[in-house]
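Following: one structure in structure tokens, then a few remarks.
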Amino acid sequence: MNVLVVAGEVSGDTHAARAIAHLRAFCPQARFFGMGGQQMQAQGVELLVAQNEISVMGISAVIPKLPKIFRALNTLASEAHIRKPAVALLVDFPDFNTRLAKRLKKMNIPVVWYISPSVWAWRKGRMKTLAKITHSLLCILPFEPEFYRGSGVNTYFVGNPIVEQMPTPKPQADFKKTLSLSLKTPVLALVPGSRHMEIKRMLPVFVKAANLIAQHIPGLEIVIPRSPNLPKEIFLPHLLQLNSPFHLRDEHLSEVVATAHVALVTSGTASLETALMRIPMVVAYRMSFLNWCIAKCLIRIKYFSLPNLAAKQPFVPELDQFKANPRNLAAHVLALWNGEAREKMLRQLETLSSRLGTTPTSLRVAQHLLPWLQPPPSKQLETFSSAPQNP
């Protein structure tokens, strides 16, 4: 009883591994193979392709890796043809997974796509393709099923996987104690991203902004979460330029951010984690000039940060490309340090958290896959209706 699982990025590896853990408990006889990272491997997935072989950021960075990308695609398709999995779980990674799903469709292998491609931002024509190549699409943002309505795509809102990764709620003092920070210390979190290229582009800007902020906040200390896939060596040359004491930590991002008064965050899932910890933030993003020009031509959305997208309003300051300079970032952070702007954001963060679901998302994903593996036990599992579910 084989299941193909494909995750091309670190976050996808985490989300897939959690769902696999539930499936193993329900179906011990299931066997998993595909592409992923360390967490999927720890769940017993046979990795035919390691995700770090093909993971890239930005359109221009894809070209050098095209041979490896197509080799990975062919490997996964060939093994699917041989092993004939009962179902395929494709996690995010849209350009690669679209091509793979088309091949799986020809083999009559059901495709469950977990984490919707951002068709609401650009390339809306992909909805027709998704309707043809997927059995169902599991959405993690509450507005997505409504967007797909009438497209022929079977969509289900399963909650947001970030929610179940959050630490147990506790006073900020407890988080500070864990990181050996004084309770009276003013703390700024710098969250430069989880990819090497993001660190290269965002961290120098964040460091300069932090030095400007420190001129106004006496005794300021800096905390920086480190993604496990990134070596400390790529952080240190930049962090040594800080004029404040800093702490590069390996704990989960949310536990590090929870010690902060305000956070500077690179756009991505980290902004949603910061929001769920109820920490006021400023979100920024920079990319190569070529990628930025392409993005400006193709992407049609009002906001680019996940908290704003989920809330359908711009309550978190967003600064991209040239606007994301040290002086602007520092000014927005200082505006959130105290006063009405901070209190207003804290209220909006509380409201946002209630919109993202409470049931563990990975359990819902596992439940959705179970019909292909065995009939779900009626008393133990919450079942999905046959009709697409909307928030």
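The values are calculated or read from the model by the stated rules, or taken from the named source; none is laboratory data. Here the structure is a predicted model, which is why all the values come from computation and not from measurement. Every residue, glycine as well, gets a Cβ built from its backbone with ideal geometry; the counts of neighbours run over all protein chains shown. The accessibility values were calculated without ligands, DNA or RNA, using every heavy atom of the protein model including side chains. Shrake-Rupley method; radii C 1.70, N 1.55, O 1.52, S 1.80 Å.
Looking at this structure, is residue 196 open to solvent by 40 Å² or more (accessible area, probe 1.4 Å), closer than 23 Å to residue 321 by Cα and of a type outside the set (Asp, Glu)?
Numbers: open to solvent by 40 Å² or more (accessible area, probe 1.4 Å): yes; closer than 23 Å to residue 321 by Cα: yes; of a type outside the set (Asp, Glu): yes.
Yes; evaluated as a whole, the condition is true for this residue.
The rows are residues; the columns are (1) at pLDDT below 95; (2) among the β-branched types (Val, Ile, Thr); (3) more than 21 Å from the chain's Cα centre (by Cα); (4) over 20 Å from residue 369 (Cα atoms).
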residue	(1), (2), (3), (4)
10	yes, yes, no, yes
20	no, yes, no, no
51	yes, no, no, yes
57	yes, no, no, yes
90	no, no, no, no
93	yes, no, no, no
107	no, no, yes, no
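Candidates are the residues of segment 302-333 that are buried (at least 19 other Cβ atoms within 10 Å of the Cβ) and over 26 Å from residue 160 (Cβ atoms); the one that is farthest from the chain's Cα centre (by Cα) is 330.
With within 21 Å of residue 325 (Cα to Cα) and not aromatic (Phe, Trp, Tyr) as the only criterion, which of 173, 209, 275 stands out?
Details: 173 fails: within 21 Å of residue 325 (Cα to Cα); 275 fails: within 21 Å of residue 325 (Cα to Cα).
Going through 173, 209, 275 in turn, just one is within 21 Å of residue 325 (Cα to Cα) and not aromatic (Phe, Trp, Tyr): 209.
Listed conditions (1) surrounded by fewer than 17 Cβ atoms within 10 Å (Cβ to Cβ); (2) closer than 24 Å to residue 363 by Cα; (3) hydroxyl-bearing (Ser, Thr, Tyr) are all met by residue 129, apart from (2). Residues that are charged (D, E, K, R) and crowded, with 17+ Cβ neighbours inside 10 Å within segment 226-248 comprise just one, 226.
Could you pull out every one of the helices (runs of 4 or more DSSP H) wholly within segment 140-257 that has 2 or more residues that are touching a strand residue (DSSP E or B) at 6+ places or on another chain (Cβ under 7 Å)? Can you show your working first?
Numbers: elements: 144-148, 161-165, 172-178, 196-214, 236-239, 253-257.
The helices (runs of 4 or more DSSP H) meeting that bar are 144-148, 196-214, 253-257.
Taking segment 334-360 as the range and being open to solvent by less than 20 Å² (accessible area, probe 1.4 Å), modelled with pLDDT of 85 or more and either out of contact with any His (no Cβ under 9 Å at 6 or more places or on another chain) or within 15 Å of residue 273 (Cα to Cα) (or both) as the test, the residues that pass are 345, 349, 352. Filter segment 161-184 down to the residues that are modelled with pLDDT under 90 and closer than 19 Å to residue 355 by Cβ, then identify the one that is most open to solvent (accessible area, probe 1.4 Å). By that ranking, first place goes to 169. Among the residues making up segment 308-333, those that are assigned to a loop (DSSP other than H, G, I, E, B), at pLDDT below 90 and in contact with a helix residue (DSSP H, G or I) (Cβ under 9 Å, 6 or more places away or on another chain) are 313, 314. For the structure I just gave you, tell me whether residue 374 is modelled with pLDDT under 90 and open to solvent by 80 Å² or more (accessible area, probe 1.4 Å). It is false that residue 374 is modelled with pLDDT under 90 and open to solvent by 80 Å² or more (accessible area, probe 1.4 Å).
Mind listing whichever residues of segment 208-225 are open to solvent by less than 70 Å² (accessible area, probe 1.4 Å), over 25 Å from residue 9 (Cβ atoms) and either within 23 Å of the chain's Cα centre (by Cα) or not small (Gly, Ala, Ser) (or both)? Working first, answer last.
First, pick out the residues of segment 208-225 that are open to solvent by less than 70 Å² (accessible area, probe 1.4 Å): 209-214, 217, 219-225.
Narrowing further to those that are over 25 Å from residue 9 (Cβ atoms): 209-214, 217, 219-222.
Selection gives 211, 212, 213, 217, 220, 221, 222.
If you go through segment 81-128 and keep only what is without any contact (Cβ under 8 Å) to a residue 40 or more places away in the chain, β-branched (Val, Ile, Thr) and on the phi > 0 side of the Ramachandran plot, you end up with nothing.
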